[in-house]
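Okay, structure first, notes after.
The values are calculated or read from the model by the stated rules, or taken from the named source; none is laboratory data. Given the structure is predicted, the values throughout are model-derived calculations rather than measurements. Positions of Cβ are generated from backbone atoms using ideal geometry, with glycine treated the same way; all protein chains shown enter the neighbour counts. Note: accessible area is taken over every heavy atom of the protein model, side chains too, but ligands, DNA and RNA are not part of it. Shrake-Rupley method; radii C 1.70, N 1.55, O 1.52, S 1.80 Å.
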Amino acid sequence: MPVSLDRRSLVAGAAGAVGVAALGGLSRALGSPSDLLRPPGGQDETAFVAKCLKCDRCQSVCEPDCIGLARIEQGLVNVRTPYLNFRKGFCTFCNRCIEVCPTGALVPFDPSVERVGVAVVDEGECLAWGDGGCEKCAEACEYGAISLDDMRRPVVNEGLCNGCGKCEHVCPSASLRSYSGSKMRGVNVRAASSTEEVRRG
């Protein structure tokens, strides 16, 4: 009898583990709403996903070529929806993507008071925080959101950052440290995680 109970417990435990793993995989497959940086005007993730037709018009008119289309590994819900890819370019807030959106998934956006995200310095990847001597992100920032501390290392003023992505675009850490296998750069723009964070200041 004890052996039978042990077997039953083992089977139940295994089934539970499989169920938990399956739920975890489903959660990853569906994707987190805050994972992707949406084009200007698409920061209300719920409204954006509900209205986006995946028509690719926003991508086709983006002259800086910073709008990409999400792939399956970025979540089933997100597949073929547009997101900002600052490895390709950076956002100039020209509003062309908003103008061609046929459904209003992208709403009017004012970069002087709103932001698509905020730059975050990754001290482990940043050349200035490691070997020193790199000031590219601070030089590239047109909004004065990145300054250098006493040791010439970049510091982000979140109140001034609108998430344009120019700092991430010019960051050379990925190419200079390609041997590490990291996909991150020394500075990366993160999506605003709440409606309050979409407003600057």
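Observations on the structure shown:
- VAL77-ARG152 FRET efficiency (beta carbon distance; Förster radius 45 Å; 0.05 resolution): 0.60
- Added length on full extension, which subtracts the Cα-Cα distance from 0.36 nm per residue, ASP65 to VAL49: 3.6 nm
- Taking amide H as placed 1.01 Å from N in the peptide plane, ILE146 has its amide H under 5 Å from the amide H of ASN157, each at least 5 places away in sequence or on another chain.
- In Å², nearest 10: area of MET151 left accessible to a 1.4 Å probe: 130 Å²
- In order along segment 59-69, the Karplus-derived 3J(HN,Hα) couplings, from 6.51 cos²θ - 1.76 cosθ + 1.60 at θ = phi - 60°, round to 5, 5, 9, 6, 5, x, 6, 9, 9, x, 10 Hz, and Gly and Pro are given as x.
- Computed over the Cα atoms of segment 81-152, the ratio of the radius of gyration to the Kirkwood radius (Rg/Rh) comes to 1.06.
- Lysines with Cα under 27 Å of LYS166, excluding same-chain neighbours fewer than 8 positions away: LYS54, LYS88, LYS136, LYS183
- In the context of the full protein assembly, ILE146 retains an accessible surface of approximately 20 Å², using a probe radius of 1.4 Å and ignoring ligands and nucleic acids.
- Measuring with a 1.4 angstrom probe and ignoring ligands and nucleic acids, LEU106 comes out at about 10 Å² accessible.
- Each residue, LYS88 and GLU135, gets one label point 7 Å from its Cα in the Cβ direction; the gap between the two is 3.3 nm.
- Two-site label geometry, VAL107 and LEU176: point separation in nm, points 7 Å out along Cα→Cβ: 4.1 nm
- Solvent-accessible surface ranking, highest first, for ARG185, ARG96, ARG57 at 1.4 angstrom: ARG57, ARG96, ARG185
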